[in-house]
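Novice: Below are the structure tokens for one structure; questions will follow.
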Amino acid sequence: MSTDDTSQTSGASADDAPAKRDHREALREKAQLVHAQQRRAGVLRRVLIGVGIVAVLAVVGVGVTLAWTSASDTPQLAPTNMEQDGVVIEAVTTSALSADEAEAEAEASTSAEEVNSAPVEIRVYIDYLSAQSREFQQANASQLGEWVKQGAVNLSYHPVALLTAKSNGTKYSLRAANAGVCVATHSPETFFAFNHSLLTRQPDFDTDGFDSKTLADMAIASGAEDPKQMHSCIEDGHYLSWVQAATARALSEPLPGADGQKLTGTPTVLVDGKPYVGSMTDAKEFAQFVLMLSSDAYYKATPSPTPTPTP
């Protein structure tokens, strides 16, 4: 290689070195720029995700707050004129009784005169879709009403909802019990007549039953006053939750004064705490059962006379 060639090569190398450094610097700066952009994008993405999570939590929190506020704003109504989840019958109107039932009232008065000791407590647990509850009411309404009038018995009805699923999804059993509790609360003197109407006009199993408006109309036809209040109470289901709770208590807790017995079906009829297991359609058999317990109570409550010493 000549001297000229060597010098040309050296000159070319000297000229290329700065260019290579500049190229490397440019690549490094570009890499740093890309890295910085990626870092900023990652930070922005994390911020957006964080904001999104906060927003979702805020929405959920608002939803829960609204649901809680709505639930707490809904009044948990408790009925009045009830004792141990039952409606105590203090007034009896027999205008709703049929001609046959009214005729039977005269016969019932004879039996009632025999129940002359301390008042007997009769509790009747009923489901307004129970066929046997209907049969018991039809057979015994007249004599029960007469006994109440004479003060011979303390009578109470306990509406429960065991057959809620037997009405094509309309929950008739529950709605009818709510209607009974509405009448007991707002028009207690007409409950006996309305209760009788619900039982004797009972719809068939696996049918829709009466709608709530019709139940309210039936309550008014039975003598309940203030139609607006009655329609509101029955159609808005003011005591549906209470009926469900009372039914659960009857099924899970011992019935009051019944020696630990729980509700297993309807009707359950307790006379001074003793279950009546006779015919639900035989008024005379039921009257004999009441008279027997009434006599036992009378003799237990009356002390035996102390013998007078003979001189």
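Please treat every number below as a calculation from the coordinates, not as lab data. Predicted model, so just to flag it, every value in this text is computed and none were measured. Glycine also receives a Cβ, built like all others from the backbone with ideal geometry; neighbour counts cover every protein chain displayed.
Novice: Counting other beta carbons within 10 Å of each Cβ, put Asp236, Asp85 in order, fewest first.
Specialist: Asp236, Asp85
Novice: Follow-up question, since we're still on this one. Which ³J(HN,Hα) values in Hz, rounded to whole numbers, follow from the phi angles of the range 218-229 under the Karplus curve 6.51 cos²θ - 1.76 cosθ + 1.60, where θ = phi - 60° and Gly and Pro get x?
Specialist: 5, 5, 5, 5, 7, x, 5, 8, 6, x, 4, 5
Novice: Ranked highest first by average number of other Cβ atoms within 10 Å, how do 129-135, 289-295 line up?
Specialist: With the highest mean Cβ count within 10 Å placed first, the list reads 129-135, 289-295.
Novice: So how do Tyr276, Tyr157 line up by other beta-carbon neighbours within 10 Å, fewest first?
Specialist: Tyr276, Tyr157
Novice: Mind listing the long-range amide H neighbours of Val87? Cut-off is under 5 Å, sequence gap 5 or more, other chains count too, H placed in the peptide plane at 1.01 Å from N.
Specialist: Those lying under 5 Å, H to H, from Val87 are Tyr157, His158.
Novice: Further, regarding this structure: Quick one: work out the % antiparallel among DSSP beta bridges in the range 82-295, nearest 5.
Specialist: Restricted to the range 82-295, the bridges split so that about 60 percent are antiparallel.
Novice: Amide H to amide H under 5 Å from Lys262: which residues, 5+ apart in sequence or cross-chain, H placed 1.01 Å off N in plane?
Specialist: Leu255
Novice: Another question, if that's okay. Kindly write out, for the range 280-293 in residue order, the coupling ³J(HN,Hα) from the Karplus curve 6.51 cos²θ - 1.76 cosθ + 1.60 (θ = phi - 60°), rounded to whole Hz, with x marking Gly and Pro.
Specialist: 7, 10, 10, 5, 5, 5, 5, 4, 5, 5, 5, 5, 4, 5
Novice: For Ala118 and Val277, FRET efficiency with R0 = 22 Å and r from the beta-carbon atoms, rounded to 0.05?
Specialist: Efficiency at R0 = 22 Å is approximately 0.40.
Novice: Still on this structure, please answer the following. What number comes out for the charge environment of Ile126, summing +1 per Lys or Arg and -1 per Asp or Glu over other residues with Cβ under 13 Å away?
Specialist: Surrounding charge for Ile126 is -1.
Novice: Sorted by average packing, counted as other Cβ atoms within 10 angstrom per residue and highest first, what order do 257-263, 178-184 take?
Specialist: Listed from highest to lowest mean packing, they are 178-184, 257-263.
Novice: Right, next: Which residues' amide hydrogens lie under 5 Å from the amide hydrogen of Glu121, considering only partners 5 or more residues apart or on another chain, with H built in the peptide plane?
Specialist: Residues meeting the criterion, in which the H sits 1.01 Å from N, are Asn154, Asp272.
Novice: Starting from the Cα of Gln244, step 7 Å along the direction of its Cβ; do the same at Thr214; then give the gap between the two resulting points in nm.
Specialist: 2.4 nm
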